[in-house]
1. Holding the Cα-Cα limit at 25 Å, pick out from 75/171; 143/178; 73/171 the pairs that are longer than that.
2. Not counting ligands, DNA or RNA, and with a 1.4 Å probe, what is residue 208's accessible surface area in Å² rounded to the nearest 10?
3. Which value, in Å² and to the nearest 10, is the accessible area of residue 17 when all protein chains are kept and the probe is 1.4 Å?
4. Taking all protein chains as present, what is the carbon and sulfur share of the accessible area of the chain, in % to the nearest whole number, probe 1.4 Å?
5. Which FRET efficiency value, to the nearest 0.05, is calculated for residue 176 and residue 45 with the Förster distance at 22 angstrom and r the Cβ-Cβ distance?
6. For the chain, set up a GNM with springs between Cα atoms under 10 Å and report which of 177, 102, 72 has the largest fluctuation.
7. Run the numbers on region 9-54 and let me know its relative contact order in percent, using alpha-carbon pairs under 8 Å that are six or more apart.
8. If we count every other residue with Cβ under 10 angstrom of residue 19's Cβ, Lys/Arg +1 and Asp/Glu -1, where does the sum land?
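The values are calculated or read from the model by the stated rules, or taken from the named source; none is laboratory data. Note that the coordinates shown come from a computational prediction; the quantities given were computed from them, not determined experimentally. We place every Cβ from the backbone using ideal geometry, glycine too, and count neighbours over all the protein chains shown. SASA here: full protein model, heavy atoms, side chains in, ligands and nucleic acids out. Shrake-Rupley method; radii C 1.70, N 1.55, O 1.52, S 1.80 Å.
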Amino acid sequence: YYSMVDEPHWSNEAVARATQKVQAVRAAAPWLPVNGYWSPRANNAYHQKLMDALSRTTLGRATPLNVGYLKAKGKSIGFYGGCSRHEFGFKQWAAASRGFGAHYAWHLYIRYGDLYYDLDAREPDVCMVYYTPTEVRPSLRLKTVRAGIYDYLYLQTLADLEGRSPAREAKRILDRAKWAGNIYRKRSAPKIADPGAFRRKVAEAIIKLTHG
């Protein structure tokens, strides 16, 4: 996907300009899927036109209304956020289980001024890795992302096994995970206080379904 729209939702005029640019690109290169990062309001006619023009809308703020509109139009949907265990684990899995097709995270690597001083620019240098003259150094954020990816792996494994008997406990655990990963809360703290303990419950349910 070619990403060419970045948060125009602050005014109808900005949304209209973005729509014209997207329509021009789609007309010139109909084979090229176009993505936009923003938080549309599905009851706004300007926003509807841009959602219709984009191949994928990647949501900063998801609502039942804009998600429903995009699904009705058959559009690809994504979400974007930061680099946390919650966003790569519970939220990403909950979004995927609701038909979202993409997750964009800020950031693998970005630099504003001094990489190790967060107060010298408009946004902090939020990185998963840091570059030096001789090596790439992983950050603590990358470790939390890794934990989230394993949360996702465990949840998806349990979801794939849910059809086996007995599945009642599996459904209860998965429903809890979907609630914790609520896509309609932007960058919110997880509702599961101890994700490690929750993952152990998921693992126990997987073992029960596979080995009895």
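1. As for pairs spanning more than 25 Å Cα to Cα, those are 75/171; 73/171.
2. 110
3. About 120 Å², ignoring ligands and nucleic acids.
4. 54
5. Efficiency, rounded to the nearest 0.05: 0.05.
6. Largest GNM mean-square fluctuation: 72.
7. Numbers: 35 pairs, mean separation 22.7, N = 46.
It rounds to 49 percent for region 9-54.
8. Result for the neighbourhood of residue 19: +2.
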